[in-house]
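Structure record follows, encoded as C-alpha cells.
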Amino acid sequence: MSGATLDEQYAEGKSLREKCPRKSHAEWKAPDGRPDPVSLMEQSDVGRQPELIPIRHGRMLKSPFTFYRGSALNMAADLAGTPVTRLRVQACGDAHV
C-alpha cells in the first residue's frame with residue numbers, strides 16, 4: 001500500500017485479519033498427500049557435510065520443536081497449506097513471531 005495513510009493501512013490490515021483470523025492458526029491437521037517428513041529431511045541433507053548430518057539428526061530427535069527448528073523444509077511444507085493473508089514477507093534466519 002505505497003502512499004496509503006496510516007488509517008488506510010490499518011483498515012487494510014483489519015480487512016485481511018477478517019479473511020484470515022488468528023484463530024485459524026490454532027489447530028493444524030496433516031493434509032492428505034502430505035510429503036513424508038523423513039524424505040523431506042533426507043532431501044535437505046543433500047550438500048551438507050556428511051560427518052555433521054548425524055549430529056543434526058540427533059539434535060532434531062529431542063522434541064517436535066527441535067525437529068522443526070532443524071528442518072525448515074518440513075516446516076515450510078506443513079505451513080504451505082495453512083490460511084494466509086496473501087501479504088508477502090521476506091525473512092531469513094530465525095524469524096519467529
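Values quoted throughout were computed directly from the atomic coordinates according to the rules given, and no laboratory measurement underlies them. Only a predicted model underlies this, so the values are computations on that prediction, with no experimental measurement involved. Heads up, the Cβs are rebuilt from the backbone with ideal geometry, glycines too, and the neighbour counts pull from every protein chain shown.
Taking 0.36 nm per residue of separation and subtracting the Cα-Cα distance, full extension of the segment from A72 to R56 would add 4.5 nm. Using the Stokes-Einstein relation with a Kirkwood hydrodynamic radius computed over Cα pairs, the translational diffusion coefficient of the chain at 4 °C and a viscosity of 1.567 mPa s comes to 79 µm²/s. In this label model, A30 and Q43 are separated by 1.6 nm, measuring between points 7 Å along each Cα→Cβ vector. Rounded to the nearest 10 degrees, the inclination of helix 6-19 to the longest alpha-carbon principal axis of the chain is 60 degrees.
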